[in-house]
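The values are calculated or read from the model by the stated rules, or taken from the named source; none is laboratory data. Keep in mind that this is a model prediction, so the values were computed, not measured. Every residue, glycine as well, gets a Cβ built from its backbone with ideal geometry; the counts of neighbours run over all protein chains shown. What goes into the accessible areas is simple: the full protein's heavy atoms, side chains included, and nothing from ligands, DNA or RNA. Shrake-Rupley method; radii C 1.70, N 1.55, O 1.52, S 1.80 Å.
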Amino acid sequence: MGLNMWYLVNLSASALEAQNAVPRLRAWLETTGWAGAEREPDWVEGLCLTPGPRPLEHGHALPTSNLTLIHGRDSYSMGENFGPPPCPVCREVLDEDILFEAYSDWSDNDWTLEMQPYVSCDSCGEERPVLDFADENSRMAHGDLAIALYEWDHQDLFAAVQENFPGHWRAICSHT
């Protein structure tokens with residue numbers, strides 16, 4: 001048996017922006033009824049909150065669910081569900097080693113969006129930044145700000161966060 005978590009990662013927030021965003025996110029989540037009281041973190045370190053009345057009333061979360069606001073540099077992937085991505089142009093599957101080598105070199109040095117290495121498709125030559133060369137089954141993300149959800153239907157909440165908090169966001173389901 002594994003653990004399934006949904007993450008919404010802001011790829012563009014700096015460390016300072018992430019730190020400042022956590023209290024604003026918390027206030028907004030509580031005011032809009034998405035989140036309730038603080039509780040001890042269990043699966044993920046960060047500011048852990050219980051579901052508020054909004055997700056409970058609509059069946060999007062259980063009383064045992066949690067939402068964790070995370071700030072601090074980290075990388076996120078699909079865990080055991082990860083697979084090499086197909087090229088968005090020719091659909092040829094990218095060599096997983098090429099993707100991981102580019103990602104590892106970049107994450108060991110400079111994690112800013114502007115400095116991402118580009119990955120190329122061997123078949124058609126399509127070039128994309130390493131974080132964008134992925135599909136729903138091979139997502140990776142890296143950022144200083146994330147929201148983690150455990151036992152929570154993520155779609156409505158993630159859409160509301162993206163609408164109210166600007167940035168380059170990516171949703172990832174991780175299974176470990």
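So here's what we get for this one:
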| item | result |
| --- | --- |
| Residues that are without any contact (Cβ under 8 Å) to a residue 24 or more places away in the chain and closer than 21 Å to F165 by Cα, drawn from the stretch 39-52 | C48, L49, T50, G52 |
| Pairs, first within 16 Å of L56 (Cα to Cα) in the stretch 146-162, second part of a loop (DSSP other than H, G, I, E, B) and open to solvent by 50 Å² or more (accessible area, probe 1.4 Å), C-beta under 8 Å, six or more apart | Y150/D42; Y150/W43; D153/G59; D156/H58 |
| Test set (1) crowded, with 17+ Cβ neighbours inside 10 Å; (2) in contact with an Asp or Glu (Cβ under 8 Å, 6 or more places away or on another chain) - L8 fails condition number | (2) |
| Any strands (runs of 3 or more DSSP E) falling wholly within the stretch 66-153 and containing at least 2 residues that are surrounded by 14 or more Cβ atoms within 10 Å (Cβ to Cβ), of a type in the set (A, V, I, L, M) and modelled with pLDDT of 85 or more | 140-152 |
| Those strands (runs of 3 or more DSSP E) lying entirely in the stretch 1-59 with at least 2 residues modelled with pLDDT under 90 | 4-10 |
| Candidates A27, A61, A18 - the one that is of a type in the set (A, V, I, L, M, F, W, C) and either closer than 30 Å to G125 by Cα or in contact with a helix residue (DSSP H, G or I) (Cβ under 6 Å, 6 or more places away or on another chain) (or both) | A61 |
